[in-house]
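Scroll down for the structure; my scribbles are underneath it.
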Amino acid sequence: MKGFSSLGHVALKVKDIERTLDFYTGKLGFAEMLRLNKPDGSLWIVYLRVTDDQYIEVFPGAVGERAPGWDAIGVNHFCLCVDDLDGVLAQMERAGIPLLIGKKMGIDNNYQAWIEDPDGNRIELMQITPSAMQLEAVARLRGQQTVPI
């Protein structure tokens, strides 16, 4: 199937909207784009800008205390790509954001580190390297697209 152009957003259901917004806007620096309310006037969703066409949607009113663990069925984590992982990690340290897993070279030949938000949603921070397996795979896929079918 053709026609997909990007991953538009990640949606998170959160327990405490103010705590979550403090983390994503106050510490990570994502701008709040807009809020949508339900017909009764209560908050339904907050959009946070990652890029002009990629967002994090935050929905208040989650049940439970933490996101499911590493082995649970469902979304395991989301990844934020960074240009300079060392620089981002230094900013995280200054903001008081603890690392879940420190900087390491991943099996895919990219640098990565891990944090989690206040609800336990895991976030991978990834710096793509020139030897990234993803770049090799994209080049291979693009080459296949030019082969006559």
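Residue pairs whose Cβ atoms lie under 6 Å apart, separated by 6 or more positions or on different chains, with the first residue in the range 114-125 and assigned to a loop (DSSP other than H, G, I, E, B) and the second modelled with pLDDT of 95 or more and aromatic (F, W, Y), are D117/F23; P118/F23. Residues in the range 76-88 that are in contact (Cβ under 8 Å) with a residue 40 or more places away in the chain and either on the phi > 0 side of the Ramachandran plot or not acidic (D, E) (or both): N76, H77, F78, C79, L80, C81, V82, L85. The lone criterion from (1) in contact with a strand residue (DSSP E or B) (Cβ under 8 Å, 6 or more places away or on another chain); (2) free of Cβ contacts under 8 Å to residues at least 60 places away in the same chain left unmet by Y24 is number (2).
No other residue among A62, A31, A67 is in contact with a strand residue (DSSP E or B) (Cβ under 6 Å, 6 or more places away or on another chain), surrounded by 13 or more Cβ atoms within 10 Å (Cβ to Cβ) and either over 15 Å from I115 (Cα atoms) or aliphatic (A, V, I, L, M) (or both) apart from A62.
So that you can scan it fast, the table gives a plain yes or no per residue for (1) at pLDDT 95 or above; (2) outside the structural domain of P60 (by TED's automatic domain parsing); (3) of a type in the set (D, E, K, R):
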{"site": "I101", "(1), (2), (3)": "yes, yes, no"}
{"site": "G106", "(1), (2), (3)": "yes, yes, no"}
{"site": "N110", "(1), (2), (3)": "yes, yes, no"}
{"site": "D117", "(1), (2), (3)": "yes, yes, yes"}
{"site": "N121", "(1), (2), (3)": "yes, yes, no"}
{"site": "T129", "(1), (2), (3)": "yes, yes, no"}
{"site": "Q134", "(1), (2), (3)": "no, yes, no"}
{"site": "R140", "(1), (2), (3)": "no, yes, yes"}
{"site": "P148", "(1), (2), (3)": "no, yes, no"}
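The values are calculated or read from the model by the stated rules, or taken from the named source; none is laboratory data. Everything quoted here is computed from the prediction, not taken from an experiment. Cβ coordinates were reconstructed from backbone atoms using ideal geometry, including for glycine residues, and neighbour counts include every protein chain displayed.
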